[in-house]
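Novice: Mind looking over this structure? Questions follow.
Nothing in this text is a laboratory measurement; each read-out follows from the coordinates by a stated rule. Since we're looking at a predicted model, the values are computed, not measured. FYI the Cβ positions are ideal-geometry reconstructions off the backbone, even for glycines, and counts take in every protein chain you see.
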Amino acid sequence: MPEPIAIDWYDVPRLYDVVFDVGTAQEADFLEAAAQKYGTSDGRRVLEPACGTGRLVAELARRGWTARGFDRNRNMLAYARKRLATTGVRASLAVGDMARFEVARPFDLAHCLVSTFKYLLDEDSARSHLECVARALRPGGIYVLGLHLTDYGRMVDERERWVEQRGGSTVTSDMHVGPPDRRTRLEPVRNRLTEKSARVERHYESRWDFRTYSAREVEALIRSV
């Protein structure tokens, strides 16, 4: 097997999208159900910080929501804009930092899933993000935040593996999360993306740290805002 190319996996949005797009409709179903059950606002304006390839922006816009997303990775945004242009769905996309942002008009629903929140590596950034979201929501609006909780007793790697196909290519995502450090509140992450087709085989590797959260740490952070 050839050596993997070291790259930020957000810089290969086409492959990233193959892996994560499969559950988009179900995630949108969940977000709409949560807004209906727990929200008290009747509006249909939705905000997605760190929107990535725009899969949920496009899906919710297709369902009649006024959707806005932002991301700091321009490759992801370019892919998201192409998706909107291809599908003919209208939504708003922009470059933005999830720890520091403002909106012109309030939203009824905001969401940040697949542990993206854990890229905010310190308490100040995490709190700033939640404060920005709180200001962006109208009274009765809700925020849906999805992240993996941390088992501080774990001494071995956790592994998550997805295999998906699109257009004659098979994309495999193999993610390893190393043991967490309770002192630094960080855990090392390594992801390997493999693309295979009849004509090509490519391997990419990304490494980064996630911030760790027990249920108690999440609750304490939310209370602090």
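Novice: Taking H as built 1.01 Å from N, whose amide H comes closer than 5 Å to the amide H of Thr150, not counting residues under 5 places away?
Specialist: Tyr213, Ser214, Ala215
Novice: Let me ask something else. Can you tell which of Glu131, Glu32, Glu158 shows the greatest fluctuation in a Gaussian network model of the chain with Cα springs below 10 Å?
Specialist: Looking only at Glu131, Glu32, Glu158, the largest GNM fluctuation is found for Glu158.
Novice: Given the options Leu15, Leu145, Leu31, which has the most mean-square fluctuation in a GNM of the chain, springs set between C-alpha atoms less than 10 angstrom apart?
Specialist: Evaluated over the chain, the most mobile residue of the options is Leu145.
Novice: Along the Cα-to-C-beta direction of Arg72, a point sits 7 Å from the Cα; which residues of the range 195-214 have their amide N less than 15 Å from that point?
Specialist: Counting only backbone N, you get 208-211.
Novice: Checking the a/c ratio against 1.5 first, then a/b against b/c, what shape does the Cα gyration tensor give for the range 10-49?
Specialist: Judged from the Cα gyration tensor, the range 10-49 comes out prolate (a/c at least 1.5, a/b above b/c).
Novice: Let me ask something else. Decide, for the range 13-154, between rounded, prolate and oblate: order the square roots of the alpha carbon gyration tensor eigenvalues as a ≥ b ≥ c, take rounded if a/c falls under 1.5, and otherwise choose prolate if a/b is larger than b/c, else oblate.
Specialist: rounded
Novice: Shifting gears a bit: Roughly what would the spin-label model give for Asp8 and Arg183, points 7 Å off Cα along C-beta, in nm?
Specialist: Going by the 7 Å Cα→Cβ label model, 3.0 nm.
Novice: What's the extension gain from Arg216 to Tyr152 if we count 0.36 nm per residue and subtract their Cα-Cα distance?
Specialist: Result: 21.8 nm gained on full extension.
Novice: Short version: ³J(HN,Hα) in whole Hz for each residue of the range 97-106, in order, from phi by Karplus 6.51 cos²θ - 1.76 cosθ + 1.60 (θ = phi - 60°), x for Gly and Pro, what are they?
Specialist: 9, 5, 8, 8, 8, 9, 10, 7, 10, x
Novice: Show me, for the range 85-94, the HN-Hα J-couplings you get by feeding each phi into the Karplus relation (A = 6.51, B = -1.76, C = 1.60, θ = phi - 60°), rounded to Hz, glycine and proline as x.
Specialist: 5, 5, 8, x, 8, 9, 7, 10, 10, 7
Novice: Quick one: if the Förster radius is 25 Å, what FRET efficiency do Glu131 and Ser92 give, using the C-beta to C-beta distance and rounding to 0.05?
Specialist: 0.70
Novice: Something else now. Under a point-charge model restricted to the Cβ atoms of Lys and Arg (+1) and Asp and Glu (-1), what is the dipole moment magnitude of the chain relative to its Cα centre, in debye to the nearest 20?
Specialist: 640
Novice: To continue, here is another question. Given only helices, namely DSSP H runs of n ≥ 4 each adding -39500 (n - 2.57), what is the per-residue ellipticity at 222 nm of the chain, to the nearest 500 deg cm²/dmol?
Specialist: Calculated mean residue ellipticity at 222 nm is -9500 deg cm²/dmol.
Novice: Further question on the same structure: Check Val144: other-chain or 5+ apart residues with amide H under 5 Å from its amide H, H built from backbone geometry?
Specialist: For Val144, whose amide H was placed from the backbone, the distant partners under 5 Å are Ala110, His111, Cys112.
Novice: Using the Karplus equation 6.51 cos²θ - 1.76 cosθ + 1.60 (θ = phi - 60°), what ³J(HN,Hα) coupling, rounded to whole Hz, does each residue of the range 20-28 give in order, writing x for Gly and Pro?
Specialist: 9, 6, 4, x, 4, 4, 5, 5, 5
Novice: Give the percent of DSSP beta bridges with both residues in the chain that are antiparallel, rounded to the nearest 5.
Specialist: Bridges in the chain that DSSP calls antiparallel: roughly 60 percent.
Novice: Which residue fluctuates most in the GNM of the chain (Cα springs below 10 Å): Tyr143, Tyr204, Tyr38?
Specialist: Tyr38
Novice: What shape does the range 97-180 have by the C-alpha gyration tensor, where a ≥ b ≥ c are the square roots of the eigenvalues, rounded means a/c under 1.5, and otherwise prolate means a/b greater than b/c and oblate the rest?
Specialist: oblate
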